[in-house]
Amino acid sequence: MNQLRLLPFRLGPQAIRFLATRDIPVLDGHRMSSGPPTTIPSSRNGVSSSYVEEMYFAWLENPQSVHKSWDSFFRKASKEASMGPAHPQPPAVIQEIRPTVSSCTKTSKLVEDHLAVQSLIRAYQIRGHHVAQLDPLGILDADLDSFVPSDLITTIDKLGKSCHLPSNLIVSSSTALGSFPAFYDLQEADLDKEFQLPTTTFIGGSENTLSLREIIRRLESTYCQHIGLEFMFINDVEQCQWIRQKFETPGVMQFSIEEKRTLLARLVRSMRFEDFLARKWSSEKRFGLEGCEVMIPALKTIIDKSSEMGIENVILGMPHRGRLNVLANVIRKDLEQIFCQFDPKLEAADEGSGDVKYHLGMYHERINRVTNRNITLSLVANPSHLEAVDPVVQGKTKAEQFYRGDVQGRKVMSILVHGDAAFAGQGVVYETFHLSDLPSYTTNGTVHVVVNNQIGFTTDPRMARSSPYPTDVARVVNAPIFHVNADDPEAVIYVCSVAAEWRNTFNKDVVVDLVCYRRRGHNEMDEPMFTQPLMYKQIHKQVPVLKKYADKLIAEGTVTLQEFEEEIAKYDRICEEAYGRSKDKKILHIKHWLDSPWPGFFNVDGEPKSMTCPTTGIPEDMLTHIGNVASSVPLEDFKIHTGLSRILRGRADMTKKRTVDWALAEYMAFGSLLKEGIHVRLSGQDVERGTFSHRHHVLHDQEVDRRTCVPMNHLWPDQAPYTVCNSSLSEYGVLGFELGYAMASPNALVLWEAQFGDFHNTAQCIIDQFISTGQAKWVRHNGIVLLLPHGMEGMGPEHSSARPERFLQMSNDDSDAYPVFTEDFEVSQLYDCNWIVVNCSTPASYFHVLRRQILLPFRKPLIVFTPKSLLRHPDAKSSFDQMVSGTSFQRMIPEDGPAARSPGQVRRLIFCTGKVYYDLVKERSSQGLEEQVAITRLEQISPFPFDLIMREAEKYSGAELVWCQEEHKNMGYYDYISPRFMTLLGRSRPIWYVGRDPAAAPATGNKNAHLVSLRKFLDTAFNLKAFEGKTF
């Protein structure tokens, strides 16, 4: 360490030269003032002379650029230095002062020692967690670095300290003795010296000074025992100080007798629940919590503390491990409802396929017994895909906050439980974290609880991650990370209480890392000794945490052995009684496990109140009003881009002519729903402007930075709010978020738009596990809308296809079942499907299908393949006449030209969907085949409009039927529509295919190849002899 002395000794020759260039006098040992020495201010960084030099140079440049304590210090030091030449001393005085060179050396040593102590304190605050005793098994380090930082004093006994740290933390004598003076230049004799404590520590409590020995003892007690703290990377001083105060203040982790007894009772319930399941169903998978039973009191503490701070609604997401225990002892699901799930003879009473018991969700309102306040708890159902539920929980939380007007997150919060391997390995964790502070996505802080059992199925942590801790991903958003040994229940409870208080104080994320173990294999049928023999030998010897804590409380007299045994017997009796009642249950009702009920939307049996849908058109004056607002700037003195002015003038012109393009039709659908009190939320990458610069729902002032206007929110005085928000560059996380948002209420239109349709495949997990199957698995309706730009336009393989074949393959309607055409067939068919797939060819169709989504008496996901070139196609416009009151969505748009007037003369009926219709119409016109070829469009592809197709096929009974698509044959719609046509026609007439040949890639990257293939299938489509002599 550099020798620190008062100016200029402390700053060195380089500083002297620096001062000389500025004509600033310097102080040497023979011209030093005899006044009191300048006291160096407490350094937040606690570093050496290089830091002081840095501060001094900054002060010379601008005194206001450094903290006021440094400014005062340097001013006083400069004043003392200037007194030498300005006030010459008589010889006698000079002789008296000459001996002060040694005084200067002592002062320099004192300053150096105080700086060293500050540096020591800071070292523990930054790196103390590396030597914390976190592993309950005592065989692994919680972090993979497995090193003892050389600036931590891990062998104080070598310098006279009587107490020892655990042997696994003691480094060699030579290392310790060598590193101690090398870093701090302190000696064993300094251990009993008193040192002034800096303002960046609270270890002194009410004391301002402590001996070095006591400083080290208190630092070890705070940072190197069963709690490891990572927070010094946070760049907010207030937040760091808050954490330091919570953990460093002496005696802060004290519990009352009642609190200890409550903790013991919660541990009893957690552990005995698992024991009960193991006794009754020893061969059943249940993904028990053994080894981390403390998670139950941990979650309850977070909820208790949050309730105390005003939280009324807690939304939880978690994986399968410990889920049944959470349902029983946190959510408080009736035990008999849980136990009957183990009965293999239980019959399902609900529609759908259901899900395994450790995936189900729950919604429950109850009184919090600690705070005596109402609390609503919701555990979101989730698939086996780890961490997939994270953004769903955040979206649901955001929606609940929105509907309550809870802007600051004071009433609604989320808790996410993670596994260590998944937290480090699943990218959606990172995506979800990056939504945490975005204006339209923040939930104002989430408490993350990591069940760190130090293994992932069979994979060792050293093979599962490259970061020291599984929680390191949280550092990207400055979330503090509290590691804690799960075999120390009181430490766990204190950490969880602080975490809840942090979230509700700073509205930021926080991570609690429960370092524990997994007593059994990945599931109860698994043998972990195959792959982790040494770990499981130790686990088999491990005393359960309940016994450890009970023995501790009995020894200290908090409870008696009899009281402890009575508590166990009491809960065992509760379980046995519930088990007896569970045998009487013969029917499983999945709706009893619903995580997001919609009170009043369905009837008491959970069924739609009707099976009809009103017309979706709106009055013309409403269309005109919305069109006028859409073509204006509602704010005064708001300068928009000249290019945007042309767009708005175009909208005004269309409104006058009673026509709409795609963007204006969307505007009118949204605007009319807002008037009806329906909240509309549109999210995705670049949706505010639109990928193709067609939407422009957010106007930007060209002269005032960040001044924006959303005309949609200026339509009506009492309208519902409209939210349009550009998302982060994420599909998986953001689509999951919007799905969760749509879960909260049926009275909202929630839309997610992909930048290009094929980008949805990075969110495939959300589509497959939640959107397509959510209702079947969890009886959960959801009306989310996916807008997927689609169309073969020569833009290459990645920006062409939204992969409609994948959505159609997952549609649940039976291709071989001939339907019965009842009066309510259209709505009933929608109710029976798992989602609705449409490819609209007109703006009016798009307008109607969006409004129908809300007017239906139930909710289904809606997949819309949206256009690109059609956004500005001169023929892709609709008249007000197709949108006014009395009009509705047309599932199929039949031929309405000359061919329709003379159906007997039609030789070919072409069915198609989407943009290719305009290519077909243009080609038909160029060949003059309007009377011989009819073209019919399917606007709704799934569920398949059997009734309308039958009517059209019968109308053109003498025509050959063709399906034409621009996609390749093995993609698109043909494999879906073909068997349904065959079923409908009784295989009496073929449906010929016209389109591109099968291919591996969705489209070519060569523009000429694209045009050649287009020309080829258009020629085939209108070659009336193309299929002569062919059989099917």
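The values are calculated or read from the model by the stated rules, or taken from the named source; none is laboratory data. Note that the structure is a prediction, hence the values are computed from the model and not measured. Don't worry about glycine lacking a Cβ; one is built from the backbone with ideal geometry, like all the others, and counts go over all protein chains shown. In case anyone asks, the SASA skips ligands and DNA or RNA and just uses the protein heavy atoms, side chains included. Shrake-Rupley method; radii C 1.70, N 1.55, O 1.52, S 1.80 Å.
Descriptive notes on the structure:
- Filter result for the condition that a residue is open to solvent by less than 40 Å² (accessible area, probe 1.4 Å) and in contact with a strand residue (DSSP E or B) (Cβ under 8 Å, 6 or more places away or on another chain), over I626, I618: I618
- Condition check for Q755: open to solvent by 10 Å² or more (accessible area, probe 1.4 Å) and assigned to a helix (DSSP H, G or I): no
- Filter result for T442 (of a type in the set (S, T, N, Q), open to solvent by 10 Å² or more (accessible area, probe 1.4 Å) and closer than 18 Å to L682 by Cα): yes
- Applying a threshold of 8 Å to beta carbon distances and a minimum spacing of six or more residues, or different chains, the list of pairs starting in the range 311-331 at a residue that is in a helix (DSSP H, G or I) and ending at one that is among the hydroxyl-bearing types (S, T, Y) reads R323/Y358; L324/Y358; N325/S270; N329/S270.
- Number of positions in the range 931-972 that are more than 28 Å from A999 (Cα to Cα) and among the charged types (D, E, K, R): 6
- Counted residues, the range 986-1002 - those being crowded, with 21+ Cβ neighbours inside 10 Å and assigned to a loop (DSSP other than H, G, I, E, B): 1
- In the range 716-726 there is no residue matching the filter, namely being open to solvent by less than 20 Å² (accessible area, probe 1.4 Å) and over 30 Å from D621 (Cα atoms).
- Residue under evaluation Y536, criteria (1) assigned to a helix (DSSP H, G or I); (2) modelled with pLDDT of 90 or more, criterion not met: (2)
- M529 meets each of the listed conditions (1) more than 16 Å from F457 (Cβ to Cβ); (2) open to solvent by 40 Å² or more (accessible area, probe 1.4 Å); (3) aliphatic (A, V, I, L, M); (4) not in a loop (DSSP other than H, G, I, E, B) apart from (1).
- For A578, the conditions (1) at pLDDT 95 or above; (2) in a helix (DSSP H, G or I); (3) not charged (D, E, K, R) all hold with the exception of (1).
- Per this entry, L379 is counted among residues that are touching a Phe, Trp or Tyr at 6+ places or on another chain (Cβ under 9 Å) and at pLDDT below 95.
- Test: K585 is at pLDDT below 95, basic (K, R) and assigned to a loop (DSSP other than H, G, I, E, B): yes
- Scanning the range 825-840 for residues that are among the aliphatic types (A, V, I, L, M) and over 16 Å from I949 (Cα atoms) turns up V827, L830, I836, V837.
- Residue within the range 731-752 that is touching a Leu at 6+ places or on another chain (Cβ under 7 Å), assigned to a loop (DSSP other than H, G, I, E, B) and touching a residue at least 12 places away in the same chain (Cβ under 8 Å) present: no
- Contacts under 7 angstrom Cβ, first residue in the range 870-899 being touching a residue at least 60 places away in the same chain (Cβ under 8 Å) and farther than 28 Å from T612 by Cβ, partner open to solvent by 30 Å² or more (accessible area, probe 1.4 Å) and polar (S, T, N, Q), 6 or more apart: K877/T659
- Scoring G1005 on the criteria (1) of a type outside the set (D, E); (2) out of contact with any Phe, Trp or Tyr (no Cβ under 9 Å at 6 or more places or on another chain); (3) assigned to a helix (DSSP H, G or I) leaves a single failure, condition (3).
- Evaluated against (1) of a type outside the set (F, W, Y); (2) in contact with a helix residue (DSSP H, G or I) (Cβ under 9 Å, 6 or more places away or on another chain); (3) buried (at least 19 other Cβ atoms within 10 Å of the Cβ), I647 falls short on exactly one condition, (3).
- Scanning the range 927-954 for residues that are of a type in the set (D, E, K, R) and touching a residue at least 60 places away in the same chain (Cβ under 8 Å), we see that the one that is farthest from N1023 (Cα to Cα) is D947.
- Only residues that are in contact (Cβ under 8 Å) with a residue 40 or more places away in the chain, within 14 Å of G128 (Cα to Cα) and open to solvent by 10 Å² or more (accessible area, probe 1.4 Å) were counted across the range 202-219, and they come to 1.
- Matching option when the condition is modelled with pLDDT of 90 or more and buried (at least 16 other Cβ atoms within 10 Å of the Cβ), among V543, V498: V498
- Annotation note: of K537, K547, K541, the sole residue that is over 25 Å from the mean Cα position of the chain (by Cα), free of Cβ contacts under 8 Å to residues at least 24 places away in the same chain and within 30 Å of V370 (Cβ to Cβ) is K547.
Yes/no matrix, rows are residues, columns are (1) open to solvent by less than 60 Å² (accessible area, probe 1.4 Å); (2) closer than 30 Å to L870 by Cα; (3) without any contact (Cβ under 8 Å) to a residue 40 or more places away in the chain:
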position: S801; (1), (2), (3): yes, yes, no
position: L808; (1), (2), (3): yes, yes, no
position: S815; (1), (2), (3): yes, no, no
position: Y818; (1), (2), (3): no, no, no
position: T822; (1), (2), (3): no, no, yes
position: L830; (1), (2), (3): yes, yes, no
position: W835; (1), (2), (3): yes, yes, no
position: C840; (1), (2), (3): yes, yes, no
